[in-house]
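Bear in mind that the values in this text are calculations on the coordinates, not laboratory data. Quantities reported herein were computed from a predicted structural model and do not represent experimental measurements. Counting neighbours? That spans all protein chains shown, and the Cβs are built from the backbone with ideal geometry, glycine included.
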Amino acid sequence: MHSQQVQDLAAYNQWMNTKIYDACESLTDEQRKQDMGGFFKSIHGALNHLLLGDKIWLGRFTGEPFAVAGLDQELFKDFNELKQVRQKTDQQIINWVAALTEAELLSKLQYQSIVDPATRSYEMWLAITHFFNHQTHHRGQITTLLSQLGVDYGVTDLIWLPQVIERNAQKADR
C-alpha cells in the first residue's frame with residue numbers, strides 16, 4: 001500500500017458517505033430509525049456505528065484517543081447533527097492521510113482493544129486497510145436497507161470515484 005492508495009480510499013470514503021447521507025435525507029426520521037433487522041438494527045444505528053468506528057480508529061492513528069462506552073453507543077440521535085459530524089470527520093480523515101508518509105505506512109500501530117483489554121500491534125498499512133474495509137462493509141449494510149426502502153443511492157464502485165476517473169482521463173490524454 002502506498003500513499004496514493006490511502007488518499008483514494010479516504011476520498012472514496014468521503015464520496016460514499018456523502019451519497020449515503022444524501023440518500024438518507026429522503027427518508028423520515030422514523031424510517032431511518034426503524035428496526036429493519038440490520039446488524040445495528042436501523043439505518044440510523046449503522047450510520048452511528050460507522051461514525052463511532054471511524055472516530056475510534058482515527059484517534060488510534062493520530063494518538064488522540066476517542067473514548068466510548070461501547071461499539072453500539074449512539075453518538076447522536078439527531079440526523080442533521082450526525083451528518084455534520086460525519087462531514088467533519090471525513091475531512092479529518094482526508095487531512096490525516098494527506099500527511100502520511102510511506103515510512104509511516106510501514107510502521108507499527110499499537111493500541112488497546114475495546115473488545116477486550118489486550119494490546120494489539122499491526123502494521124500501519126494493514127490497520128488502515130481494515131479501517132477503510134470496515135467502512136465499506138457497514139455502508140454495504142446501509143445500502144441494502146436503503147434498497148429495501150426503494151431508495152436509489154447510485155453507483156458505489158471505487159473505480160467510479162470522480163478523482164479516479166479524472167486521473168485516468170488525464171493519463172489517457174498524454
Exercise for the section: Search the structure for amide H atoms under 5 Å from the amide H of E123, placed 1.01 Å from N in the peptide plane, and list their residues when 5 or more places away or on another chain. Expected result: L109
Problem - When each of K77/K108; K55/K83; K108/K171; K19/K108 is checked by Cα-Cα distance, pairs over 24 Å - result: K77/K108; K108/K171; K19/K108
Handout entry: Other-chain or far-sequence residues with amide H under 5 Å of Y153's (modelled H)
Key = none
Exercise for the section: Diagonalise the Cα gyration tensor of the chain and give the resulting equivalent ellipsoid semi-axes, square root of 5 times each eigenvalue, largest first, whole Å. Expected result: 27, 24, 12
Fill in the blank from the handout: Length-normalised contact order of the chain, Cα under 8 Å, at least 6 apart, in percent, tallies to 32
Fill in the blank from the handout: The residues I43, I56, I93, sorted from fewest to most surrounding Cβ atoms within 10 Å, come out as I56, I93, I43
Fill in the blank from the handout: Whole-Hz Karplus couplings 3J(HN,Hα) for the range 31-42, θ = phi - 60° and coefficients 6.51, -1.76, 1.60, Gly and Pro as x, run 5, 5, 9, 5, 6, 10, x, x, 4, 10, 6, 10
Exercise for the section: Obtain the nm distance between the two label points defined at T156 and A118 by a simple spin-label model: each point lies 7 Å from its Cα along the Cα-to-C-beta direction. Expected result: 3.0
Practice task
Using θ = phi - 60° and the Karplus relation 6.51 cos²θ - 1.76 cosθ + 1.60, list the HN-Hα couplings for the range 64-79 in order, rounded to whole Hz, with x at every Gly or Pro.
Solution key: 10, x, 10, 7, 9, 7, x, 6, 9, 4, 8, 6, 9, 7, 7, 4
Exercise for the section: Among M36, M16, M1, rank each residue by its count of other Cβ atoms within 10 Å, from fewest to most, as a rough exposure measure. Expected result: M1, M36, M16
Fill in the blank from the handout: At R0 = 25 Å the Cβ-Cβ FRET efficiency linking A169 and L75, nearest 0.05, sits at 0.05
